[in-house]
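Notes to accompany the following structure.
Read-outs throughout are calculated quantities, based only on the coordinates presented, and are distinct from any laboratory measurement. Being a predicted model, the structure only gives us computed values, none of them experimental. Ideal geometry is used to build each Cβ from the backbone, glycine not excepted, and the neighbour counts take in all protein chains shown.
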Amino acid sequence: MVEIPRDIANELAPAEKVLWAGQPRQGIILRGFDALLLPFFLVWTGGVGAAAVAMLRAPKTDMVGIIMMSVIFVPVGLYALVGRFFVEARQRSRTFYAVTSERIVIVFGLFSRTVKSIELKSLGEMALSERRNGSGSIVFGPSSPFDWMYGGAAGFPGMASRMAARFEAIPSVRSVYETIRSAQRALAK
């Protein structure tokens with residue numbers, strides 16, 4: 001018996017049967033693109049912070065520059081270094097996936113609730129990405145050439161809308177992939 005999260009159950013049609021339901025891996029996740037982002041924002045934050053301190057110590061300080069650096073650039077750097085990981089972890093804690101007898105359902109949202117639904121009959125391209133431990137992701141439909149980058153920036157506001165629909169960071173990804181393929185074959189009969 002598949003345990004159905006309430007967020008998914010609320011979206012089901014009366015005759016719709018859940019074949020699989022789950023959530024992405026919880027907690028903080030480091031991605032490949034972080035190897036580029038973290039050093040950049042470490043230099044950004046350190047440089048802006050050092051410049052703000054130097055301005056404060058200068059005999060004729062430019063208060064507009066200090067305020068701009070202190071209020072805008074330093075918090076952006078700190079968010080990019082640390083905050084986005086916690087925001088993304090919170091987003092994943094509020095994300096639910098399901099494969100039903102009729103469609104793929106993704107429920108997500110940090111401040112508002114969004115539901116993506118893809119009919120199995122019209123589901124075209126699927127890309128499976130599997131790690132050695134069996135976890136991975138399934139991308140539905142054509143993906144952007146920049147998806148690898150957007151995945152690393154998932155904690156930034158608005159990035160989820162730029163990415164193709166996906167089941168991300170799920171355990172036993174191949175089993176879920178095969179469940180989807182079986183459901184598609186069953187609908188084709």
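Per-residue ellipticity at 222 nm from helix content only, as computed over the chain with -39500 (n - 2.57) for each DSSP H run of at least four residues, stands at -11000 deg cm²/dmol. Taking all Cα pairs closer than 8 Å and separated by 6 or more residues, the relative contact order of region 34-90 comes to 47 percent.
Which whole-number percent is the relative contact order of region 1-133 (Cα, under 8 Å, 6+ apart)?
Details: 138 pairs, mean separation 39.7, N = 133.
Result for region 1-133 is 30 percent.
Taking amide H as placed 1.01 Å from N in the peptide plane, Leu19 has its amide H under 5 Å from the amide H of Val99, Thr100, Ser101, each at least 5 places away in sequence or on another chain. Ranked for footprinting exposure by Cβ neighbours inside 10 Å, fewest first, Arg90, Arg166, Arg6, Arg31 give Arg6, Arg90, Arg31, Arg166. The lysine pair count for the chain, using Cα distances under 26 Å and pairs eight or more places apart or on different chains, is 5.
Against the chain, whose longest principal axis comes from its Cα atoms, helix 173-188 is set at around 40 degrees.
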